[in-house]
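Before any comments, here is the structure.
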């Protein structure tokens, strides 16, 4: 028991001694740390003082430099202000000297003006005296003239006014005549310019239609089937269509002849359907022809609608649209009527726009101007096509200007609106251009011969050639018999002779050529 207590006491004493020793060691370490911290703090303070001194010196130097810069700028500003002030003082001195010189001049001018004013007053007094003397003299002369002429001053004045009126009237008439001639020349030039511009802006095609159509077949065996037993099939086709069918030795072809293009087209399509189907007999022929006729009628309406839409024409009566479609199957001198009417409509629209008129109304009249050429069964064939077209246009509610333009485009009636001459001119342009219409060869050759014969009918003509399809006549004359002046007169006389004696489309240009040749031979 005592040993245990001693052991426990020894352990406690040992622990106490260890604790005391640990505390003593901690105190010694803390004192060392405090000393090292004081040393480092002193070093940091010393370094901070050194850096502060250097920063202070730098800031002082920067402040001095800034001060010097501001001082230099201030001196510059002061110098510029001094310069401006000196310049302003100089300008003021110059102006003062100028004003003083102008004042001196003004004084001199005032003196001169005053002197001239006095002189003017003196002259005015003299003129007034002379004027009074002249008035007295004029009055006495007027009295003497009244006594001599036995007329008063008012009567003489009236006679003078009447004479001046007559002279002024004659001068005015001469002036008006000159201006009218000048206006005519200007109007002709402007009209030619508008027509040329209109023609240049329209693209056209040449005539290709005729009175026959060729139906091609695969072999000659089909010809016999089309003719039929004892010709009954071909007679049935001709009776149903009104077309003459020519079956000759032409290989693999049958000719359809008829002046009515609609009938020719019906016959061609019917034959095509019959040959394709293979069943060719009179009953079948009548059935196919009826169906084809209905198809063509529907196609005519569609063509009319497309044409009206393409030209931008609205509100046209359905019957007129149908007539427009029928134009596709009509021709005049080989020129397709629908193409001609479309071309005239476009020309009219362009020309009306150039003249400041309504282009839509002009297109309408241009498209309908030849509807009288596609008459129905009830139409009077003796009525001119222009009058017939005008009557139809009136019947289907077209405007009076359009109706008048249709009826007057061949001068059958009087023109009452500006659209009428436009339609007439555009119709002539479309029909008279080269390639538009086709003539019979014999009449064409005869027209060329007549042109040359007219030229040979004048004295001094050596040679004459009709060229450009009869649109130009070139005449070569003998230089010994025809002078330069006579050549111009000869060209005019030939053109007048052609104009009065011949009928032709468009115009004929007459060119007279006169030349002198001197030939020598060097040997």
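The values are calculated or read from the model by the stated rules, or taken from the named source; none is laboratory data. Because the structure is predicted, anything quoted here is derived from the model rather than measured. Every residue, glycine among them, receives a Cβ derived from its backbone with ideal geometry; neighbour counts consider all protein chains shown.
Tabulated data for the structure shown
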| item | result |
| --- | --- |
| Selection count where residues are under 28 Å from residue 427 (Cβ atoms) and part of a helix (DSSP H, G or I), scope region 493-523 | 8 |
| Test: residue 257 is closer than 15 Å to residue 329 by Cα, modelled with pLDDT under 80 and surrounded by 15 or more Cβ atoms within 10 Å (Cβ to Cβ) | no |
| Residues satisfying the stated conditions in region 446-467, i.e. over 21 Å from residue 515 (Cβ atoms) and in contact (Cβ under 8 Å) with a residue 24 or more places away in the chain | 447, 450, 451, 454, 457 |
| Pairs, first under 14 Å from residue 514 (Cβ atoms) in region 477-501, second part of a helix (DSSP H, G or I), C-beta under 6 Å, six or more apart | 494/455 |
| Options 288, 247: the member that is touching a helix residue (DSSP H, G or I) at 6+ places or on another chain (Cβ under 7 Å), surrounded by fewer than 18 Cβ atoms within 10 Å (Cβ to Cβ) and under 13 Å from residue 226 (Cβ atoms) | 247 |
| Residue check, residue 275 touching a helix residue (DSSP H, G or I) at 6+ places or on another chain (Cβ under 7 Å), surrounded by 15 or more Cβ atoms within 10 Å (Cβ to Cβ), assigned by TED's automatic domain parsing to the domain that holds residue 213 and farther than 16 Å from residue 239 by Cα | yes |
| Which numbered condition residue 215 misses (of (1) at pLDDT 75 or above; (2) assigned to a strand (DSSP E or B)) | (1) |
| Residue within region 202-210 that is touching a strand residue (DSSP E or B) at 6+ places or on another chain (Cβ under 7 Å) and either surrounded by 11 or more Cβ atoms within 10 Å (Cβ to Cβ) or modelled with pLDDT of 75 or more (or both) present | yes |
| Residue match in region 311-323 (condition: closer than 16 Å to residue 430 by Cα and without any contact (Cβ under 8 Å) to a residue 40 or more places away in the chain) | no |
| Verdict on residue 241 being modelled with pLDDT under 75 and not assigned by TED's automatic domain parsing to the domain that holds residue 431 | no |
| Residue match in region 176-192 (condition: at pLDDT below 70 and in a loop (DSSP other than H, G, I, E, B)) | no |
